[in-house]
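Nothing in this text is a laboratory measurement; each read-out follows from the coordinates by a stated rule. Values in this document were obtained by computation on a predicted structure and should not be read as measured data. A quick note on method: Cβ atoms are made from the backbone with ideal geometry, for glycine too, and the neighbour counts reach across all protein chains shown.
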């Protein structure tokens, strides 16, 4: 057995990878790579090299393949700074293996524990994020086309169980894919860990062991060390192979669902559309729910999943519970509803539409209420800055020859408004909606609750608390962008024009209501 542990080490010649070209594992490896088209059109590969048996075996098999195919091999090791001297040993070992076989080697390191604390992540998730960032940055800086990781059939089984226990949808149960769109490949996903270790030992290829893998403080380690052995012993001796096959079947089902759902998504997506170009708002997707009403639940949920991914949410974080609640949001008759999603996003029902966007946009006033003392009293025409989301309000005196016409101006919200301009117009007060606010809209004899006015004008609920109001005394002179108070109608040929220019996000949400 050629196992490298903390106190010993191989002789320099043991680092050679130029052996085992006639092995059964290498033949299976070549077949899997060809069947899955993992290296088609690829001339350079970066191996994620931890120094453990899986990554060393991956490096070995790719090294042998590079001798017969035009593939330039590179390797990268990432030190998570979690295991002290053992981590330094692993980095040194990985470097020596690459030097002995003339493989370009890149080393990265990061304080994962600090990053996890800063971002409020578990250590394993933080390690994954930083490791993949390092690998992708390294590949990009050296023009390397693919990144190969040493995931095995055992990892596939662990991943399926982990996601199943967490409540994943079909996407999650599809497990680890052999090839991803971002250039990451898993060439030994077919292989059992026990066969990998046997292969390395039979050819005297050394590797290191990570002592943290036997600690059961992490859920994945418990699945690997406790649950899988129990299932294998008590229920199915071939549980790893069974779960691995299931993952491939789920992947085929997943691809079929994606195919049909993608066609429907193109029909129901309102924003971004083909006219948005490259100027569309990031992190915002809007769907029309009407065409979705006839879709089967599986297709509907898949459309919603694709929409969340398009908005910028990590697909792996969308669980079955999220999809069921999104489905309810899409199918319910209520014109409003709200639901939080992973990665700082949320979904809102806005009449017949669903909008998926970042939660921070729900607070459109964004601390503006703290500045209202500065903005509160408006003593003269000019421009008011209401911040990133609410934009500006510009007040401009205008002569008016057609008072009746200007009082009947229509158009989509937010639209220009005109109120009478006389000696009593100023000062005006800027504020937002309060509990119990009442308003007498243009042309009406009675006051109505401002809440009922918003509902009647189909103003999306998520905007109502952030609509600027211009008030004189106890009366609302203008609900900016929507309507003026009747007693402020233009009568004397002089008007104060009110132009509210909010952000593109607010304008887009406005368009989902009505004018």
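For the range 20-152, the Stokes-Einstein estimate of translational diffusion at 20 °C and a viscosity of 1.002 mPa s comes to 137 µm²/s, using the Kirkwood hydrodynamic radius over alpha-carbon pairs. Over all distinct Cα-Cα pairs of the range 264-362, the Kirkwood formula returns a hydrodynamic radius of 13.3 Å. In summary, the convex hull built on the alpha carbon positions of the range 319-362 has an orientation-averaged projected area of 2.8 nm².
Overall, the ratio between the Cα radius of gyration of the range 369-510 and 2.2 N^0.38 Å, rounded to two decimals, is 0.97.
Each residue in 413, 389, 260 was given a count of other beta-carbon atoms within 10 angstrom of its own, and listing them fewest first yields 260, 389, 413. Projected over all directions and averaged, the alpha-carbon convex hull of the range 93-192 occupies 8.2 nm². Computed from Cα atoms alone, the Kirkwood hydrodynamic radius reported for the range 205-306 is 18.0 Å.
Principal axis extents of the C-alpha atoms in the chain (largest first, rounded to whole Å): 98, 46, 42. On a per residue basis, the convex hull of the C-alpha atoms belonging to the range 143-281 measures out at 188 Å³. Each Cα pair under 8 Å and six or more residues apart adds its separation to the average, and for the range 264-362 the resulting relative contact order is 28 percent. Of the two radii for the range 415-494, the radius of gyration is 0.94 times the Kirkwood radius, both from the alpha carbons; that is the Rg over Rh value. Taking the DSSP beta bridges with both ends in the chain, the antiparallel portion is around 75 percent.
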